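Structure, as structure tokens:
The values are calculated or read from the model by the stated rules, or taken from the named source; none is laboratory data. None of the values given here were measured: they were computed from a predicted structure. Methodologically, a virtual Cβ is constructed for each residue, glycine included, from the backbone with ideal geometry; neighbour enumeration extends over all protein chains shown. To get the accessible areas, we keep the full protein, side chains included, count just its heavy atoms, and leave off ligands, DNA and RNA. Shrake-Rupley method; radii C 1.70, N 1.55, O 1.52, S 1.80 Å.
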Amino acid sequence: MLASILATGLAMGAVYALIGITYNTMFATSRVMSFTAGQLGMLGGVFGSLLMLQWGLPLIVALPLTLAACALVGVVTEFVAVRPVLKSLDQHLYVLTTLAVALIIQQITAIEWGTEPAPFPRLLEVGEGVWHEKYWLPVAACAVTIGGLEYLYRRTLLGHAFIAVAEDNFAARALGLPERNLRIGSYALAGAIGALAGFSGGQLLLAFFANGPLLNFYGFIPVALGGLGNNRGAVIGGLALGLFQQAANFTVGGIFSSVAVFVLFIVVLLAAPQGLFGAAASRRV
Amino acid sequence: MASADNGAATMPAAPAVRRPALPAALLPFIVLLALAAALPLTGNEYWALIATRAAIYWVLVAGLNLIVGFAGQLAIGYVALLTLGAYTTSVLVAGTVLPEISPFLALGCAAVVGAVAGLVVGLPALRLRTFYFAMATLGFATIVTQVALAWQDVTGGGIGIAGPYFPAPFDTAWGFYYLCLGFAVVATILAGNLGRSRFGRALIAIRDAEVAAEAAGIFKPALLACVFLFAGAMGAVAGGLFAGLQTYITPEAFTFELSLLFFIAVLIGGRGSIFGPLLGTLLLTLLPEIAAPLAAWSTLLYAVMLLGIVLAIPGGIAALLDLGRRKRLPADRAILPRPAALGALLGQRPPAPPMQLKDITLQFGGLRAIDGLDLMLRPGEVHGLIGPNGSGKTTTLNVISGYYRPQQGSLSLGDDPMPVGRPENRAAHGIARTFQTPRIIGEATVLQNVMIGGTLSGRASFAEAMLWLPRQSADEARLEADARLALQAVGLEALAGFRADRLQHSELRFVEIARALMLRPAYLLLDEPAAGLSSEEIRRLGQLIREISTHGTGVLLVEHHADLIFEICGHVTVLNLGRVLAEGKPAEVRAHKEVISAYLGA
């Protein structure tokens, strides 16, 4: 039992961590927490199933297409729901606009794709039992993503520009950085990361329109625990959440494990509103 | 000035905008009620069903409106309260757990359970940022449904449970409709009373000018806790009625779509309004019925509407209906303070003990913004605080008013030490302030903005305000009279009924002073009140400040206009790099060599 708790827990945890990174990537350049993060994960599963099972495309074509499609969704989100409300960030209108876009995505999926969970194909035909690919694929995807992001942010000029905008938007603009294009870029990147979460976890989550809100909530917990914008915190938080949830699942049952996760979430947040690894809020007067 | 002197008597009272107290504002409610009461004349029981549903939804939305529309807290998952109320009522009436009770008693129990749940769900709002709170409410909604599914012994799980049966005369479609309509009317009255009371204004202040709300002594946690209790109870009562309407309930009846309907009804209606969200609720309930093919698409429709409202008409229906906002402002208006009104407002207050700051040190990271500052404010004296940019003037003011917590030093009023870092407790000590950038509620009228300054002086409790008992109407009348006096004193009474966001910057500065005067302050802290004023306005401001101090109020004036400081202050302190460079009578300070070289530059 311990092996399956570990396998499922780490797999789900990696998916949650990837959604958490999706939140962070969008937040970094826009200071906006977007409800679309979970929907991008849902779309990753749906597009994967559509392209590979219904259209019969091979993995090597289906994966880039899925990532590109979700990157496009990310860019559309930036145009429709983020840019118009950036001027009045303190009114938190983005909560409403991104919620609206997330619901539009979900409902269109429900109407076009259907409301029943659809199967997701095996990708590599590697591994059985607790070494089944459905358990280690998300972990691998998470490792690749975090490695890639570290490389991007620390070693490339583009990454430095991202960090500059994230640190001080105003100063970055004054330096002549193309802040708007960088923001669009980060939404495209977030779309691809979210898609990867849903694609790599597709065999566990299936292609199901209602996965969005679920991923939204469980992907947000690592962000809240790890501190906004902290990707390493999100990975640690995500894996911890996955293990905790699966342990509770196996010991006390599914329903009460969600109650346990919710209670834990609220208690931790009330005790440490900035997250376990986050910085204190700035002054207001 | 001649016309201004007798202005109080002859000035036509400016019609107040958005005040449900006025009969004119009640009219739409009465028309709507008459239409609702006449609905059975159609004889169509299908309409009874729809209208009953709308009434039930409104019972919930009326409470939620105070949270979302007034306080600006984004509570999205409110279907959870409906679920909770529905199951509580049904289970108690069925008698599966406890002995069977009457449906009305069960509704009462549901209200109590709902109030507690509303408080528990709301608590995170006191600590968490907006998005976190929205997430927490969404999470709660999911949990409640899952518990309802899992707890089969009590809730019947996925199979469900019979709803409560209401006895005659409420056992027919129209009878039950009238019962729900009655609840809707009560909900409207309670929410309306709260909305136009000082609690409603305080909620809007928390939403739009939280810092100013704290300075007025509004304690956000206590206020929000009351509103969460109220909204939770309303939501659960609505749930009980909903179960009665459904006759049989399963967890599937409580979809996320309903949460969305409630939430969007408030936003479509418009923030800070009662009638707007009422229309919004009717609209959203009717929409899928009128356009039957749309039923399957309703969530998508709601989502598109949400996006459209936020981006295109952020004011909602209320803003479209608000005819007063296009009323013309008086032409050629000027700010003409009338000190005579000050006497009526402030009276002659018994001298407060002096306020003393001892050895205050405040660091931001490695920077010492204030470095061992001693300062003494005396009642009835205008104390000037000047110094170059970054010398710690505003920081000192923020330490006194509790926004900054110094690492070292003490703050006392006479012999009583004042706790540091508690902004919401300063008003109770008689300390009022204004801000460098005016912190005003743009969507409220000037009069309402000023009344917020007197929030602390209200005597009626939240429950009394909800029922509009005698103490509440006395409070309201007194606050309004005081606010008009304060506006006369600063010279803005002609603008009392206009939305504050239509005023000029200089006028907002005087509105802030009027709001601060509502406290009848022992000490008044003014943060650069002359910035952006014309020289004539500065002269009038100086007169006003001096006049305020003659009524026993001690004034701390942070300013860059050295002329104003030296003209009206009885005592001047010059700061440089967080330390006192010089202090004394204006003439002494003006002659001080270091001051001349460091600051005056002459």
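So the values come out like this:
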| item | result |
| --- | --- |
| Residues of segment B:536-563 satisfying the condition of being open to solvent by 10 Å² or more (accessible area, probe 1.4 Å) and among the aliphatic types (A, V, I, L, M) | B:538, B:562 |
| Test: residue in segment A:34-43 that is open to solvent by 50 Å² or more (accessible area, probe 1.4 Å) and within 17 Å of the chain's Cα centre (by Cα) | no |
| Residue in segment A:231-248 that is farthest from residue A:272 (Cα to Cα), counting only those that are of a type in the set (Gly, Ala, Ser) and surrounded by 22 or more Cβ atoms within 10 Å (Cβ to Cβ) | A:242 |
| Number of the exception - residue B:494 against (1) within 20 Å of the chain's Cα centre (by Cα); (2) open to solvent by 40 Å² or more (accessible area, probe 1.4 Å); (3) among the aliphatic types (A, V, I, L, M) | (1) |
| Number of the exception - residue B:123 against (1) over 30 Å from residue B:279 (Cβ atoms); (2) at pLDDT 85 or above; (3) among the hydrophobic types (A, V, I, L, M, F, W, C) | (2) |
| Selected residue (criterion: least open to solvent (accessible area, probe 1.4 Å)) from residues of segment B:360-394 that are within 14 Å of another protein chain (Cβ to nearest Cβ) and without any contact (Cβ under 8 Å) to a residue 40 or more places away in the chain | B:364 |
| Segment B:511-528: number of residues that are under 20 Å from residue B:412 (Cβ atoms) and outside any strand (DSSP E or B) | 3 |
| Only one of A:228, A:215, A:269, A:196 that is touching a residue at least 60 places away in the same chain (Cβ under 8 Å), more than 25 Å from residue A:2 (Cβ to Cβ), surrounded by 20 or more Cβ atoms within 10 Å (Cβ to Cβ) and facing another protein chain (nearest Cβ under 10 Å) | A:228 |
| Search result, residues across segment B:271-298 that are within 24 Å of residue B:231 (Cα to Cα), within 14 Å of chain A (Cβ to nearest Cβ) and open to solvent by less than 50 Å² (accessible area, probe 1.4 Å) | B:272 |
| Matching residues in segment B:238-270 - criterion: being open to solvent by less than 20 Å² (accessible area, probe 1.4 Å) and among the small types (Gly, Ala, Ser) | B:238, B:239, B:240, B:243, B:244, B:259, B:265, B:269, B:270 |
| Residues located in segment A:159-178, provided they are part of a helix (DSSP H, G or I), touching a helix residue (DSSP H, G or I) at 6+ places or on another chain (Cβ under 7 Å) and open to solvent by 40 Å² or more (accessible area, probe 1.4 Å) | A:163, A:169, A:173 |
| Subset tally (residues that are hydrophobic (A, V, I, L, M, F, W, C) and open to solvent by 40 Å² or more (accessible area, probe 1.4 Å)) for segment A:141-154 | 2 |
| Scope segment B:327-353; condition open to solvent by less than 30 Å² (accessible area, probe 1.4 Å) and touching a Phe, Trp or Tyr at 6+ places or on another chain (Cβ under 9 Å); matching residues | B:335, B:337, B:352 |
| Selection count, segment B:546-579, where residues are of a type in the set (A, V, I, L, M, F, W, C) and out of contact with any strand residue (DSSP E or B) (no Cβ under 6 Å at 6 or more places or on another chain) | 6 |
| Test set (1) among the β-branched types (Val, Ile, Thr); (2) in a helix (DSSP H, G or I); (3) closer than 30 Å to residue B:267 by Cβ - residue A:145 fails condition number | (3) |
| Whichever residue in segment B:147-184 is under 35 Å from the mean Cα position of the chain (by Cα) and open to solvent by 50 Å² or more (accessible area, probe 1.4 Å) and, among such residues, is farthest from residue B:98 (Cα to Cα) | B:178 |
| Near pairs, Cβ below 8 angstrom, 6+ apart or cross-chain, from segment B:483-509 (closer than 23 Å to residue B:457 by Cα) to any residue that is of a type in the set (Asp, Glu) and assigned to a helix (DSSP H, G or I) | B:484/B:493; B:487/B:493; B:492/B:507 |
| Test: residue in segment B:407-417 that is part of a helix (DSSP H, G or I) and either modelled with pLDDT of 90 or more or farther than 25 Å from residue B:213 by Cβ (or both) | no |
| Conditions (1) open to solvent by 10 Å² or more (accessible area, probe 1.4 Å); (2) charged (D, E, K, R); (3) at pLDDT 90 or above: number failed by residue B:443 | (3) |
| Residue that is under 10 Å from the mean Cα position of the chain (by Cα) and of a type outside the set (Gly, Ala, Ser), where the choices are A:29, A:25, A:8 | A:25 |
| Residues located in segment B:446-486, provided they are open to solvent by less than 10 Å² (accessible area, probe 1.4 Å), within 24 Å of residue B:346 (Cβ to Cβ) and of a type in the set (S, T, N, Q) | B:449 |
| Sole exception among (1) modelled with pLDDT of 85 or more; (2) in a loop (DSSP other than H, G, I, E, B); (3) surrounded by fewer than 21 Cβ atoms within 10 Å (Cβ to Cβ) for residue A:277, by number | (1) |
| Residues of segment A:144-162 classified as touching a residue at least 40 places away in the same chain (Cβ under 8 Å) and aliphatic (A, V, I, L, M), total | 2 |
| Candidate set from segment A:231-266 (those that are hydroxyl-bearing (Ser, Thr, Tyr) and within 13 Å of chain B (Cβ to nearest Cβ)); member that is nearest to residue B:125 (Cα to Cα) | A:258 |
| Selected residue (criterion: farthest from the other protein chains (Cβ to nearest Cβ)) from residues of segment A:199-210 that are in contact with a Gly (Cβ under 7 Å, 6 or more places away or on another chain) and open to solvent by less than 10 Å² (accessible area, probe 1.4 Å) | A:199 |
| Flag for residue A:86 being in contact with a Lys or Arg (Cβ under 9 Å, 6 or more places away or on another chain) and either within 28 Å of residue B:268 (Cβ to Cβ) or within 14 Å of chain B (Cβ to nearest Cβ) (or both) | yes |
